[in-house]
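Trainee: Here you go, one structure.
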Amino acid sequence: MSRTGFDTPRPAQLRRFSFVFYAAGLRMQKALAEYVADAKNPDQLVMLSHNPVFTLGRNATSSDIHVSQEFCEQEGVEIQQTDRGGEVTYHGPGQIVVYPICNLAGGRQDVGRLVRGLEEAMIRTAAGFGVAADRLKGAPGIWVDTAKFKQGGGLEKLGAVGLHLRRWITTHGIAFNVAPDLAHFGWITPCGFTDKGVCSLHSLMKDSAPDFETAADHLQQHLCDCLGLHIQPSNPPSQSVNALTWRRGPDGPEILMMLRVPSHGLWWQSVTGMTDPGETYEETAHRELLEETGLTGKLTPLPLKHSFWVDSSIIHFPDPEPRFNTETCFHMEVPRDSPVRLALDEHSEFRWCGFKEAYDLMRWEGSKAALKLLEKELGSGM
């Protein structure tokens, strides 16, 4: 073993997603942890970004968040309790979150080395862009003396570490700040520190900072080197669309909600569907609308694309490797008086709902977020 990380290469699969809702990320980690519990299966390295969220570790208290629940809701920041170590921290766009889902049994039972390997990968990534970061005794993560970058600077955290260990399987991981909204850290006591700040590559380097994908490429390579991971092939995410279907009603927009049959999950949703080979997302949306409802409509993109784990109890796969899907979101306006003809092998009933009723019926984070975007868009355009 080296001083940081592990010398003996271990097979691993890389899962790199652009955006994952935090709650979906927890389900993703759980499925992958169950998978790597079988030592014959490779470790998993998951890289992604999250929606704005304050996550509370096992040592966090309510006083670590300085703003109210109502304020957070108004600002679009979730609050989530977790089983990781540490206090409260923030995740959001512009921050690379990495979940190393590793089986440390069989000669790698040293969490300290894993933590140092994660820190070393972040230190090397920062150094590659000209930022000198280092460890701080008693404070997991990596720190920068920002006095070199700005007047009145001091020690500020560039990357955080917080792990959970159960039966030598690790979950949670690191957060590396490329260009998140640092104002959100001012609403909490980040990682329990009242005398130190938080920085990002962008806050230090301004316009010379790397973009998100470039920084992620560098961090990925250093993680593989420092953790001794040998990347193996994995199944790519499938692709689907979510097309929120609506019509103009006498009291405002009405959202089409359909109840999936039990064999398809038994939850309410609007129009969704998997892309066929060679099909564009727009073509998929129009095809699914026609097949599921008999309707045609005007399609408009929504600024939302997200990934999630596919529940193998609903969709069965030929092998145990977890599967993932990336969903691209649209909305579709249909004529008010057009009849709905359900495909009864997929949905058993439908109803037209106002925004609140539709939101309450929806089960998944992506659908709820898409509906909020649609309400905001139509609120300014109706």
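Throughout, read-outs are computed from the coordinates displayed, never taken from laboratory work. All values derive from a computational prediction rather than experimental measurement. Positions of Cβ are generated from backbone atoms using ideal geometry, with glycine treated the same way; all protein chains shown enter the neighbour counts.
Trainee: Collect residues whose amide H, placed 1.01 Å from N in the peptide plane, falls under 5 Å from the amide H of Glu78; neighbours closer than 5 in sequence don't count.
Mentor: Val53, Phe54
Trainee: Which entries in Lys30/Lys157; Lys150/Lys206; Lys157/Lys372; Lys305/Lys372 show an alpha-carbon gap greater than 22 Å?
Mentor: Pairs exceeding the cut-off: Lys30/Lys157; Lys157/Lys372.
Trainee: Let me ask something else about it. Please work out the FRET efficiency for the pair Ile79 and Arg166, using the Cβ-Cβ distance as r and a Förster radius of 22 Å; give the result to the nearest 0.05. Present the calculation step by step, with values, prior to reporting the outcome.
Mentor: Details: r = 23 Å, r/R0 = 1.06.
Result of the calculation: an efficiency of 0.40.
Trainee: Provide the net charge surrounding Glu119, with neighbours chosen by a C-beta distance below 11 Å and charges set as Lys +1, Arg +1, Asp -1, Glu -1.
Mentor: +2
Trainee: Just subtract the alpha-carbon distance of Gln239 and Asp360 from 0.36 nm times their residue separation and send over the number in nm, one decimal.
Mentor: This chain segment gains 41.0 nm when fully extended.
Trainee: Additional query: Scan around His347 for amide H atoms under 5 Å from its own, H built in the peptide plane at 1.01 Å from N, and keep only partners 5 or more places away or cross-chain.
Mentor: Long-range HN contacts for His347: Val261.
Trainee: Testing the spin-label approximation: label points 7 Å from Cα along Cα→Cβ at Lys196 and Met274. State their distance in nm.
Mentor: 4.7
Trainee: Here is a further query. Name the residues whose placed amide hydrogens come within less than 5 Å of the amide hydrogen of Ile231, ignoring near sequence neighbours (fewer than 5 apart) on the same chain.
Mentor: Ala12
Trainee: With θ set to phi - 60°, apply the Karplus curve 6.51 cos²θ - 1.76 cosθ + 1.60 along the range 318-327 and write out the HN-Hα couplings as whole Hz, x wherever there is a Gly or Pro.
Mentor: Here the 3J(HN,Hα) series is x, 9, x, 4, x, 10, 9, 9, 10, 10 Hz.
Trainee: If you work out P(r) over Cα pairs in 10 Å bins from 0, in percent from the coordinates, which of (i) 5, 24, 33, 23, 8, 3, 2, 1, 0; (ii) 5, 25, 36, 25, 8, 0; (iii) 5, 22, 28, 23, 15, 6, 1 do you get?
Mentor: Given (i) 5, 24, 33, 23, 8, 3, 2, 1, 0; (ii) 5, 25, 36, 25, 8, 0; (iii) 5, 22, 28, 23, 15, 6, 1, the calculated one carries the label (iii).
Trainee: Could you tell me which of rounded, prolate or oblate describes the range 194-251, using a ≥ b ≥ c as the square roots of the eigenvalues of the alpha-carbon gyration tensor, with rounded for a/c under 1.5 and, failing that, prolate when a/b is larger than b/c and oblate otherwise?
Mentor: It is oblate, given that a/c is not under 1.5 and a/b is not larger than b/c.
Trainee: Given the options Leu158, Leu289, Leu266, state which has the largest fluctuation in a GNM of the chain using a 10 Å cut-off (strictly under) for Cα springs.
Mentor: Most flexible of the set in this elastic network: Leu266.
Trainee: For the chain, find the longest principal axis of its Cα atoms and tell me its angle to the long axis of helix 365-379, 0 to 90°, nearest 10.
Mentor: That works out to roughly 60 degrees.
Trainee: Tabulate in residue order the Karplus-calculated ³J(HN,Hα) for the range 24-40, using 6.51 cos²θ - 1.76 cosθ + 1.60 with θ = phi - 60°, rounded to whole Hz; enter x for Gly and Pro.
Mentor: Per-residue couplings from phi come out as 5, x, 5, 5, 4, 5, 4, 5, 5, 5, 5, 5, 6, 4, 7, 4, 6 Hz.
Trainee: What list of ³J(HN,Hα) values in whole Hz, one per residue of the range 66-76 in order, does the Karplus curve 6.51 cos²θ - 1.76 cosθ + 1.60 (θ = phi - 60°) give from phi, with Gly and Pro shown as x?
Mentor: 8, 10, 7, 4, 5, 4, 4, 4, 5, 8, x
Trainee: OK, next. Would you mind putting 31-39, 328-336 in packing order, based on average other-beta-carbon counts within 10 Å, highest first?
Mentor: Numbers: 31-39: 17.1, 328-336: 19.4.
The most tightly packed comes first, giving 328-336, 31-39.
Trainee: Quick one: check the C-alpha center-to-center distance for the range 87-110 versus the range 269-322, whole angstrom.
Mentor: The range 87-110 and the range 269-322 have Cα centres separated by 30 Å.
Trainee: Counting alpha carbon pairs within less than 8 Å and at least 6 residues apart, what relative contact order, in whole percent, applies to the range 10-232? Could the numbers behind the result be given before it?
Mentor: On the way: 448 pairs, mean separation 54.1, N = 223.
Normalised by residue count, the contact order of the range 10-232 is 24 percent.
Trainee: Phe71 label point, 7 Å along Cα→Cβ, cut-off 15 Å on backbone N: hits in the range 40-64?
Mentor: 54, 62-64
Trainee: Calculated FRET efficiency, Ala147 and Val111, Cβ-Cβ r, R0 30 Å, to nearest 0.05? Let's see the in-between values first.
Mentor: Working: r = 33 Å, r/R0 = 1.08.
The formula returns an efficiency of 0.40 here.
Trainee: If you don't mind, another one. Quick one: length gained pulling Ile231 to Ser338 fully straight, 0.36 nm per residue minus the C-alpha distance?
Mentor: Between Ile231 and Ser338, full extension yields 33.4 nm more.
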